[in-house]
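Structure, as structure tokens:
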Amino acid sequence: MLIASQMEPTYARRVYPCFDEPAMKSIFNIRIVHDPSYVALSNMPAIDVSERKDENGSLWTVTTFNTSLKMSTYLTAFVICDFDYVTRTERGNEIRIWARKEAIRNGYLDYALNITGPIFSFLEDILNISYPLPKTDLVALPEFGAGGMENWGLLTFQEPSLMYLPSDKFISRKAMIALIVSHELGHQARGKNSWFGNLVTMNWWNDLWLNEGLASYFEYLGATFVEPKLSLDKIFYDHVVQPVLRDDNEIVRSLSESEDKIKGSFSLTSLFDSITYNKGASITWMLSGFLTEKLFIKALTSYLKEFSFSNANQDDLWTHIQMVVNAQDEVQLPASVKQIMDSWTCQNGFPVVTLNLTTGVIRQEQFLSKKNRKSTDSNNNTWIIPISWMRNGSSQPLVWLDRSSKVFPEMQVLESEYDWILLNVNLGGYYRVNYDQLNLKRLAHLLETDPKAIPAVSRFQLIDDAFALTQFGYVQIETALELTKYLAREDELFIWNMVLSNLVPENLESTLKNYEVYPLLKKYLLKRMLPIYHYYAGFIHKHVDALEDDYFALAYLEKLFAKACWLGLQDCLTLSTELYAKWMDNPDYK
């Protein structure tokens with residue numbers, strides 16, 4: 001038997017009588033009566049375990065827990081189980097990870113235990129706020145609907161989110177665990193759950209992104225802290241920004257909706273989506289970028305300390321950021337923090353900016369499909385956009401586009417046929433970029449002659465933007481293909497994965513109706529895939545263990561080889577046959 005609670009968003013009312021609203025906080029005294037062969041866990045440490053008999057003479061255990069800190073109803077939690085645990089102490093905080101006894105015995109929870117303490121310390125140090133509870137329990141549940149839940153002091157997870165087999169040396173598995181643990185611990189310590197949401201909680205669910213967006217942002221900082229071999233910017237763009245840019249094109253809600261709209265038309269569970277998590281994290285990344293991380297963390301710490309054990313909304317966060325901005329002279333903004341950030345959180349979608357290299361004019365419009373550009377009433381939406389940029393490989397001072405179009409004389413390029421400009425360098429902002437044909441031609445030439453002149457994340461973004469612009473009718477497919485001619489010189493797997501996902505989508509692989517497209521793709525892609533294919537095939541033949549620290553190899557190599565085989569690369573087909581035969585002879589072969 002196993003019992004585990006899940007109160008978020010509005011299920012506490014099903015367990016005990018309460019005003020089940022995030023703004024209505026209280027202390028809780030919890031006592032659980034349970035079978036003596038099981039252990040009971042809750043938010044706080046147990047202060048008494050006693051026995052009593054019922055009227056039938058049956059013996060029961062009564063576990064009484066210490067009075068909780070002031071918190072919202074959705075954070076109350078309990079687990080009744082016969083699990084075992086592993087434990088360590090970090091800065092006086094007892095950390096226990098509970099799981100099935102066999103999993104504990106086999107060491108499957110050791111990795112999660114070893115990173116939980118350092119992530120806690122990292123978040124405490126960066127936010128300058130100590131964790132307020134005396135203990136933290138993490139529980140691996142065999143069945144659980146969410147990846148993890150940040151109940152204060154009693155975090156619950158799906159088993160795969162915490163378990164790491166000691167025999168599995170590859171970093172991709174470690175990364176997944178580190179990201180999920182870091183996300184939920186971010187709630188424990190940050191101001192929006194306990195750093196984000198637990199310690200400071202949103203007034204209402206319309207500001208859920210303050211919980212989950214901030215936690216999602218910090219999960220990548222925490223994960224790359226404990227696994228420094230991971231590339232923060234590459235993983236963040238690949239896992240967070242690029243997917244939500246795809247999802248956010250036709251979404252009909254903004255990041256922060258009015259309370260009336262949420263109460264009237266939304267199911268609260270529908271808010272737990274990629275917009276809340278990934279767009280919230282992307283906006284936070286952008287905010288930290290144009291403020292500088294130092295000012296952002298300073299403002300966030302101030303916000304968390306003022307609203308500890310209470311509630312806040314996004315305007316409260318903007319106020320604290322504005323206070324920090326006003327107290328210094330280094331960072332100058334074109335408008336108030338509220339005006340800038342409301343343009344991103346209170347409007348649907350996001351912009352596409354277009355640069356004319358000859359005139360230096362940048363204009364913006366909402367990124368929409370051709371059909372919706374004609375029918376929508378959102379064409380007048382404008383954002384206050386931070387634009388990081390480089391010219392001929394040299395980073396330039398940040399500029400702002402705060403109206404529908406604006407002339408930037410410093411971006412007029414006339415002198416040389418090889419001068420080029422790149423906008424939104426290293427994903428500085430949450431938007432797509434379009435260029436005139438002059439700059440696109442120069443960027444394509446640069447990729448063919450010196451691809452490393454453009455940072456890897458910016459190469460990814462440049463090509464992905466071009467495919468998205470093609471899909472939505474802004475440019476022709478030839479524009480995107482022009483930027484892929486250089487691919488024989490591309491050695492980044494996360495870029496290859498994006499290109500193949502755009503050119504060879506899953507539905508194309510699984511249908512025979514595209515018989516006219518297949519030979520064209522084969523001719524175009526195979527000769528460009530050969531260098532990266534042979535590079536990794538060499539490792540698979542002889543030194544596959546050498547890839548154990550290559551996150552993207554473990555994440556995307558299978559897809560690369562599957563596409564190569566689908567395109568008919570004979571060496572790939574032969575290698576796959578050999579590997580399959582070895583696996584048939586020995587199922588433990590990897």
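With one equal scatterer per alpha carbon and no solvent term, the Debye-computed log10 I(q)/I(0) for the range 351-483 at 0.11, 0.13 1/Å reads -0.36, -0.51.
Calculation over all alpha carbon pairs of the range 59-144 in 10 angstrom steps from 0 returns a P(r) of 13, 40, 37, 9, 1 percent.
To the nearest ten degrees, helix 493-503 and the longest principal axis of the Cα atoms of the chain are 70 degrees apart. Between the helical axis of 171-189 and the longest alpha-carbon principal axis of the chain there is an angle of about 60 degrees. Using the average count of surrounding beta-carbon atoms within 10 Å as a protection proxy, the listed peptides 452-459, 102-109 rank, highest first, as 452-459, 102-109. Taking amide hydrogens as placed 1.01 Å from N in the peptide plane, the amide H of Trp420 sits under 5 Å from those of Asn392, each at least 5 positions away in sequence or on another chain. Exposure proxy shown here: for Arg100, Arg246, Arg432, the number of other Cβ atoms within 10 Å sets the order, fewest to most, as Arg246, Arg100, Arg432.
Just grab the label-to-label distance for Leu268 and Lys305, each label 7 Å out from Cα along the Cβ direction, in nm (one decimal). The answer from the label model is 3.2 nm.
At a Förster distance of 30 Å, what's the computed FRET efficiency of Leu59 paired with Arg13, Cβ-Cβ distance as r, to 0.05? Before the final figure, lay out each step's value.
Values: r = 32 Å, r/R0 = 1.06.
Efficiency, from the Cβ-Cβ distance: 0.40.
Under 5 Å between amide hydrogens, built in the peptide plane, is the criterion, and for Leu567 it picks out nothing among residues at least 5 positions away or on other chains.
For an R0 of 45 angstrom, estimate the FRET efficiency from the Cβ-Cβ distance between Arg363 and Ser167 and round to the nearest 0.05. Before the final figure, lay out each step's value.
Numbers: r = 55 Å, r/R0 = 1.23.
The formula returns an efficiency of 0.20 here.
May I ask for the angle, rounded to the nearest 10°, between helix 456-471 and the longest principal axis of the chain, with both axes built from Cα atoms and the value confined to 0 to 90°? The helix 456-471 is inclined about 80 degrees to the chain.
Taking a temperature of 25 °C and a viscosity of 0.890 mPa s, what whole-number D in µm²/s does Stokes-Einstein yield for the range 506-585 with Rh from Kirkwood over alpha carbon pairs?
Details: Rh = 13.8 Å.
Translational D for this selection: 178 µm²/s.
May I have the convex hull volume per residue, in Å³, for the Cα set of the range 422-485? Don't skip to the end; give the middle numbers.
On the way: hull volume 4.6 nm³, N = 64.
Dividing the Cα hull volume of the range 422-485 by its residues yields 71 Å³.
For the chain, adding -39500 (n - 2.57) for each run of n ≥ 4 DSSP H residues and dividing by the number of residues yields -13000 deg cm²/dmol at 222 nm. The fewest-to-most ranking of Ser167, Ser282, Ser72 by surrounding Cβ atoms within 10 Å reads Ser167, Ser72, Ser282.
For the range 274-423, what does the relative contact order come out to in percent, with C-alpha contacts under 8 Å and a separation of six or more? Display every interim value, and only then the final one.
On the way: 167 pairs, mean separation 27.1, N = 150.
Contact order relative to length: 18 percent.
Just subtract the alpha-carbon distance of Leu530 and Asn586 from 0.36 nm times their residue separation and send over the number in nm, one decimal.
Values: separation 56, 0.36 × 56 = 20.16 nm, distance 2.95 nm.
Difference between extended and current length: 17.2 nm.
Per-residue Karplus couplings for the range 205-217, computed as 6.51 cos²θ - 1.76 cosθ + 1.60 with θ equal to phi - 60°, are listed in order as 5, 5, 9, 4, 4, 5, 6, 7, x, 5, 4, 5, 5 Hz, Gly and Pro entered as x.
Available extension along the chain between Glu330 and Ile3 is 112.4 nm, counting 0.36 nm per residue and deducting the alpha carbon span. Close amide H partners of Val361, meaning residues 5 or more places away or on another chain with modelled amide H under 5 Å apart, are Asn356, Phe408. Cβ crowding within 10 Å, taken as a proxy for footprinting-reagent exposure, orders Thr116, Thr224, Thr276 from fewest neighbours to most as Thr224, Thr276, Thr116. As an equivalent ellipsoid, the chain spans semi-axes of 44, 33, 20 angstrom, where each value is the square root of five times an eigenvalue of the C-alpha gyration tensor, largest first.
Residue separation of Val517 and Ile477 scaled by 0.36 nm, minus their Cα-Cα distance, works out to 13.0 nm of gained length.
Compute the relative contact order of the range 506-585 as a whole-number percentage, counting only Cα pairs closer than 8 Å that sit 6 or more residues apart in sequence. Before the final figure, lay out the partial values.
Values: 22 pairs, mean separation 25.5, N = 80.
Rounded, it is 32 percent for the range 506-585.
Just so you know, all these numbers are worked out from the coordinates, no wet-lab data involved. This one's a predicted model, so the numbers in the text were calculated from it and none came from an experiment. Methodologically, a virtual Cβ is constructed for each residue, glycine included, from the backbone with ideal geometry; neighbour enumeration extends over all protein chains shown.
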